[in-house]
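Reading through the structure tokens given below for one structure.
The values are calculated or read from the model by the stated rules, or taken from the named source; none is laboratory data. Given the structure is predicted, the values throughout are model-derived calculations rather than measurements. All Cβ positions, glycine included, derive from the backbone under ideal geometry; neighbour counts span all protein chains shown. Just so you know, the surface numbers come from the protein's heavy atoms only, side chains and all, with ligands and any DNA or RNA stripped out. Shrake-Rupley method; radii C 1.70, N 1.55, O 1.52, S 1.80 Å.
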Amino acid sequence: MIDVVSDGSAAREVEVGMRAELPPALPVLPLRETVPFPDTLTPLAIGQERSVQLINDVLAGNRMLVMLASRQPDLEEPGPSELYDVGVVGVVARMLKVPDGTLRLLVQGAQRVRVDRWTSEEPYLVAQISEQPDVVEETPELTALMRNVQQTFSQIVEAVPYLPEELQIAVANVEEASALSHLISGSLRLPTEQKQELLEETNVARRLRRLTEVLARELEVISIGTEIQSQVQHEMDRTQREFVLRQQLKAIQEELGEFDESAAEANELREQLAGIDLPEEVRKQVDRELGRLENLPPAAAEHGVIRTYLEWIASLPWDTSTQDNLDLEHAREVLDEDHYGLEQVKDRILEFLAVRKLTGGRDSVSRGAILSFVGPPGVGKTSLGKSIARALEREFERISAGGVRDEAEIRGHRRTYIGAMPGTIIRALRDAGSNNPLFMIDEIDKMGSDFRGDPASAMLEVLDPEQNQNFRDHYLDLPFDLSRVMFITTANTLDTIPGPLRDRMETIEIAGYTSDEKLQIAKRYLLPRQAERNGLKRSQLRITDAALRAVIADYTREAGVRELERQIGAIARKVAREVAEGGTPKGSIGAARARELLGRQRYHSETKRRTRLPGVATGLAWTPVGGDVLFIEAQAFEGEGKLQITGQLGEVMKESAQAALSYVRGHLTRIAPELEPSWFKTHDIHIHVPAGAIPKDGPSAGITMATALVSLLSGRHVRDDVAMTGEMTLTGQVLPIGGLKDKALAAQRNGITTIIAPELNEPDTDEIPEHLRKKLNFRFVGEIDEVLAAALEPAVPADASGDNGDRVYAQITPMSNPR
């Protein structure tokens with residue numbers, strides 16, 4: 001008999017296991033993650049108001065209810081559709097009220113029933129039910145199934161701590177197949193769906209067969225878990241034993257006054273490496289090398305090699321990184337503070353930050369962000385990298401690639417070599433102290449290759465976002481993740497960078513500065529810096545805008561501002577000397593005073609002087625150090641019809657000269673009608689491009705050569721305020737060229753106001769600063785006739801009194817061939 005305990009109410013007796021007659025309808029108690037079984041006791045905790053009321057009403061009546069498992073355990077008050085249809089009739093055998101208002105029940109399971117119809121949902125669920133009895137066929141197979149289930153369950157009880165031994169005895173004494181299956185099913189920790197499947201099965205033989213499969217799988221899982229636990233325990237025992245022995249050995253050595261230097265170094269490295277979150281592969285290698293180090297005497301040759309190797313691993317930032325500052329306003333302020341102009345580069349950096357901000361700063365988005373700044377020297381490529389690192393609040397490391405010819409400089413040497421060490425990438429990571437710095441690889445276009453390897457090929461892995469997450473240095477021979485590193489490269493030209501390497505970088509071209517931009521840079525950055533470097537107060541070094549413009553025009557001829565800073569530095573040093581000698585600076589330095597301090601003028605505009613005679617045309621060229629002006633000179637003299645080309649020209653430029661001459665010869669009657677077609681047979685033509693010590697090549701001087709030849713043959717001067725660039729075909733068409741912005745800057749530096757360029761290059765003017773476009777007159781042409789009309793001065797009539805008014809070109813008098 002089991003008593004039902006309540007406050008102040010009389011105890012009532014209930015016989016355990018009794019089978020009462022089923023009424024047609026009973027209240028339903030939903031169960032969460034619990035499946036009841038017939039003939040088993042089910043402990044329950046009741047807390048919901050609806051369920052508490054149900055229990056109170058049941059205790060006042062026949063104490064019977066139906067227990068149904070919920071299909072959705074997360075629901076607080078499941079409805080009929082969220083409950084299984086098959087459950088168990090239960091009789092409340094014991095109840096205890098807890099001070100917090102909840103109830104503790106012990107319910108005796110009785111018959112299995114099925115819900116036929118729901119009759120009520122308020123204040124709790126009530127349903128009509130029908131009994132679902134077991135189907136039992138006494139066969140030898142059923143007996144065998146019972147014995148197999150009892151034996152397997154007995155093994156599980158011995159292996160699982162949550163099943164008591166009394167349960168093993170109880171199962172062994174059950175002789176009824178149905179009761180045995182219910183007892184075991186209710187004791188195992190199985191998913192709700194699996195338990196419900198066992199409950200709904202009315203055929204006892206099939207239920208025992210299904211239970212046999214479940215028990216066999218559980219026994220296998222328990223066996224595997226026991227094996228894993230045994231291995232873990234064995235490893236823990238071995239580690240504990242090793243620790244105790246080391247402590248004992250340490251105590252013995254201290255007692256004897258002995259000191260094992262090798263063990264002390266190994267222990268120090270072990271403690272240092274234990275505090276680093278190393279990847280699994282690296283951790284295995286470290287443990288292996290530490291074991292070797294402990295077993296080697298300090299005098300052994302390999303002792304120092306292994307110790308240095310482990311020290312390198314310990315010094316790398318495996319788990320150390322910095323937090324990116326994704327504030328776009330802050331980044332813009334930093335970039336504007338450090339650099340004037342360069343809007344394209346600044347916009348690209350802000351786009352990079354915006355993407356990282358929107359993606360939550362995930363490092364995967366930064367893969368592929370390998371920028372390459374290409375431009376002439378002195379335009380701020382390297383200093384721009386420092387500003388980007390400062391804006392991102394990342395560590396900055398500069399790696400110089402200029403002149404690198406050995407692949408080992410990038411990847412390091414293998415440990416088999418004496419004095420081996422990691423490559424420059426791993427060394428820079430150590431110096432940075434974080435695994436997500438900004439690496440500025442400077443002068444990547446100046447890497448070479450020889451018998452020692454090709455460093456540009458080694459850079460392929462470093463700069464490939466899909467490969468560098470497992471970068472292996474030859475010295476470490478361990479993978480290091482470079483995918484979080486932001487790489488920026490600089491170059492003066494793309495021509496010397498191998499195609500596969502160039503393909504991995506996003507190129508941003510940085511052209512030279514205009515005169516106005518140089519003026520602003522000098523006022524904002526160069527003057528304060530030179531005053532500080534030379535020990536002057538800002539008020540002691542005051543230079544007027546006119547003086548700065550004079551320095552820019554007369555003492556510098558560059559795309560960047562390095563020479564400008566040197567000239568300002570020269571002025572600052574002379575002012576510093578005056579101050580040091582006790583003098584007082586004489587107010588602001590004007591243009592005349594600047595010329596007095598700097599000496600004679602270094603650069604002159606030669607356009608007017610060089611184009612005084614026919615046969616000289618002004619062209620525009622692009623060089624790795626920015627745009628430049630070149631003069632094409634043509635001269636004719638008696639000879640045998642040969643063409644001579646000088647000025648250290650490349651093959652492409654020589655072919656442009658030949659094409660220009662062929663076009664002029666084919667249109668001689670229109671260009672110089674006074675010349676006979678046989679004139680070329682008796683005269684040689686010499687085309688020269690001055691500055692013969694400098695190699696020159698490229699097709700963009702085609703229209704300039706043709707203009708020089710037409711000027712020579714027609715006697716018409718080329719306008720001294722015009723410069724031109726463009727490739728020419730044999731049919732007289734003008735083809736597009738590159739580097740228009742750099743060439744426009746060179747034209748401005750040389751006082752040229754009109755630029756003749758191919759019409760297909762007209763969209764390129766968007767890259768030219770607006771203030772410079774306003775000062776320059778661009779003439780875009782598609783045919784050589786348009787070039788000649790814009791570049792040549794009007795013809796000088798030989799006889800202005802002609803009746804028909806036809807223009808007669810001045811007669812060309814060729815030079816005599818010196819003998």
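In the condition set (1) in contact with a Phe, Trp or Tyr (Cβ under 8 Å, 6 or more places away or on another chain); (2) touching a residue at least 12 places away in the same chain (Cβ under 8 Å); (3) under 30 Å from Arg356 (Cβ atoms), Gln520 is compliant with all but (3). The residues of region 642-656 that are under 27 Å from Ser678 (Cα atoms) and either among the hydroxyl-bearing types (Ser, Thr, Tyr) or open to solvent by less than 50 Å² (accessible area, probe 1.4 Å) (or both), listed by number, are Ile645, Thr646, Met653, Ser656. Given the structure, is Ser457 in a loop (DSSP other than H, G, I, E, B) and surrounded by fewer than 22 Cβ atoms within 10 Å (Cβ to Cβ)? No. Those helices (runs of 4 or more DSSP H) of region 624-718 in which at least 2 residues are under 30 Å from Ile444 (Cα atoms), considering only elements entirely within it, cover 651-666. Screening Thr42 with (1) without any contact (Cβ under 8 Å) to a residue 40 or more places away in the chain; (2) assigned to a strand (DSSP E or B); (3) hydroxyl-bearing (Ser, Thr, Tyr) gives one miss only, at (1). Close Cβ contacts (under 9 Å, 6 or more residues apart or on different chains) running from residues in region 473-493 that are under 15 Å from Leu429 (Cβ atoms) to residues that are open to solvent by 20 Å² or more (accessible area, probe 1.4 Å) and assigned to a strand (DSSP E or B) comprise Leu478/Arg472; Pro479/Arg472; Phe480/Arg472.
How many residues are part of a loop (DSSP other than H, G, I, E, B), buried (at least 19 other Cβ atoms within 10 Å of the Cβ) and out of contact with any Ser or Thr (no Cβ under 7 Å at 6 or more places or on another chain) if we restrict to region 381-406? Let's see the steps before the verdict.
Initial filter on region 381-406 (part of a loop (DSSP other than H, G, I, E, B)): 393-395, 401-406.
Of the ones still in play, those that are also buried (at least 19 other Cβ atoms within 10 Å of the Cβ) are 394-395, 401, 404.
Filter again for out of contact with any Ser or Thr (no Cβ under 7 Å at 6 or more places or on another chain), leaving 401, 404.
Matching residues across region 381-406 total 2.
The single condition among (1) open to solvent by 30 Å² or more (accessible area, probe 1.4 Å); (2) of a type in the set (D, E, K, R); (3) assigned to a helix (DSSP H, G or I) that Lys743 does not satisfy is (1).
Would you be able to tell me the number of residues in region 569-605 that are part of a helix (DSSP H, G or I) and either in contact with a Ser or Thr (Cβ under 8 Å, 6 or more places away or on another chain) or not hydrophobic (A, V, I, L, M, F, W, C) (or both)? Break it down stepwise before answering.
Residues of region 569-605 that are part of a helix (DSSP H, G or I), as a first pass: 569-580, 591-598.
Those left that are additionally either in contact with a Ser or Thr (Cβ under 8 Å, 6 or more places away or on another chain) or not hydrophobic (A, V, I, L, M, F, W, C) (or both): 569, 573-574, 577-578, 591, 593, 595-596.
Looking only at that region, the number is 9.
Exactly one residue among Gly448, Gly423 is open to solvent by less than 20 Å² (accessible area, probe 1.4 Å), over 19 Å from Phe487 (Cβ atoms), of a type in the set (Gly, Ala, Ser) and touching a residue at least 40 places away in the same chain (Cβ under 8 Å), and that residue is Gly448.
Which of the residues that make up region 46-78 are assigned to a loop (DSSP other than H, G, I, E, B) and surrounded by 13 or more Cβ atoms within 10 Å (Cβ to Cβ)? Lay out the reasoning, then the answer.
Kept after step one, since they are assigned to a loop (DSSP other than H, G, I, E, B), are these residues of region 46-78: 47-48, 61-63, 71-78.
Answer for region 46-78, where residues must be assigned to a loop (DSSP other than H, G, I, E, B) and surrounded by 13 or more Cβ atoms within 10 Å (Cβ to Cβ): Gln48, Asn62, Arg63, Arg71, Pro73, Leu75, Glu77, Pro78.
Look at region 142-154: where a residue is under 10 Å from Val171 (Cβ atoms) and without any contact (Cβ under 8 Å) to a residue 60 or more places away in the chain and a partner is assigned to a helix (DSSP H, G or I) and open to solvent by less than 60 Å² (accessible area, probe 1.4 Å), sitting 6+ places away or on another chain with Cβ atoms under 6 Å, you get Gln150/Val171; Ser154/Gln168.
Take Arg94 and decide whether it is more than 25 Å from Asn203 (Cβ to Cβ), among the basic types (Lys, Arg) and modelled with pLDDT of 85 or more. Please lay out each step first, then the result.
Numbers: more than 25 Å from Asn203 (Cβ to Cβ): yes; among the basic types (Lys, Arg): yes; modelled with pLDDT of 85 or more: yes.
So Arg94 fits the description; yes.
For Glu506, the criteria (1) over 37 Å from the mean Cα position of the chain (by Cα); (2) open to solvent by 30 Å² or more (accessible area, probe 1.4 Å); (3) charged (D, E, K, R) hold in every case but one, which is (1). Just one of the numbered conditions (1) open to solvent by 20 Å² or more (accessible area, probe 1.4 Å); (2) within 49 Å of the chain's Cα centre (by Cα); (3) over 30 Å from Ala708 (Cα atoms) is not true of Arg557: (3). The condition of being loosely packed, with under 14 Cβ neighbours inside 10 Å, modelled with pLDDT under 90 and within 26 Å of Ala179 (Cβ to Cβ) holds for only one of Pro123, Pro99, Pro43, that being Pro43. Does region 298-309 contain at least one residue that is in contact (Cβ under 8 Å) with a residue 24 or more places away in the chain, under 16 Å from Leu476 (Cβ atoms) and not aromatic (Phe, Trp, Tyr)? The answer is yes, given that some residue of region 298-309 is in contact (Cβ under 8 Å) with a residue 24 or more places away in the chain, under 16 Å from Leu476 (Cβ atoms) and not aromatic (Phe, Trp, Tyr). Per the listing Thr584, Thr544, the residue uniquely free of Cβ contacts under 8 Å to residues at least 24 places away in the same chain and hydroxyl-bearing (Ser, Thr, Tyr) is Thr584.
When Leu278, Leu208, Leu249 are checked against the criterion of being in contact with a helix residue (DSSP H, G or I) (Cβ under 9 Å, 6 or more places away or on another chain) and closer than 30 Å to Ala69 by Cβ, a single residue qualifies: Leu208.
Against the criterion of being open to solvent by less than 40 Å² (accessible area, probe 1.4 Å), over 22 Å from Ser185 (Cβ atoms) and at pLDDT below 85, Val14 qualifies. Looking across region 493-503, just one residue is out of contact with any Leu (no Cβ under 8 Å at 6 or more places or on another chain) and either in a strand (DSSP E or B) or buried (at least 19 other Cβ atoms within 10 Å of the Cβ) (or both), and that is Ile497.
Contact map, region 120-134: first residue closer than 13 Å to Val66 by Cβ, second residue part of a loop (DSSP other than H, G, I, E, B), Cβ cut-off under 7 Å, separation 6 or more or different chains; pairs are Gln128/Pro24; Ile129/Leu22; Glu131/Leu22; Gln132/Thr202.
Evaluation of Asn62 against the conditions (1) modelled with pLDDT under 85; (2) in contact with a strand residue (DSSP E or B) (Cβ under 8 Å, 6 or more places away or on another chain); (3) under 22 Å from Gln111 (Cβ atoms) shows that the sole unmet condition is (2).
Suppose the filter is open to solvent by 50 Å² or more (accessible area, probe 1.4 Å) and hydroxyl-bearing (Ser, Thr, Tyr); does Thr707 pass it? First the steps, then the outcome.
On the way: open to solvent by 50 Å² or more (accessible area, probe 1.4 Å): no; hydroxyl-bearing (Ser, Thr, Tyr): yes.
Here the answer is no, as Thr707 does not meet what is asked.
For region 509-551, the tally of residues that are open to solvent by 10 Å² or more (accessible area, probe 1.4 Å), modelled with pLDDT under 85 and in contact with a Leu (Cβ under 7 Å, 6 or more places away or on another chain) stands at 1. Total residues in region 20-31 satisfying the condition of being in a loop (DSSP other than H, G, I, E, B), over 12 Å from Gln128 (Cβ atoms) and either of a type in the set (A, V, I, L, M, F, W, C) or modelled with pLDDT of 85 or more (or both): the figure is 1. The set of residues from region 314-334 being in contact with a Leu (Cβ under 8 Å, 6 or more places away or on another chain) and under 28 Å from Val561 (Cβ atoms) comprises Leu328, Ala331, Arg332. Among the residues of region 622-636, none qualifies, meaning not one is closer than 30 Å to Leu745 by Cβ, surrounded by 21 or more Cβ atoms within 10 Å (Cβ to Cβ) and of a type in the set (Ser, Thr, Tyr).
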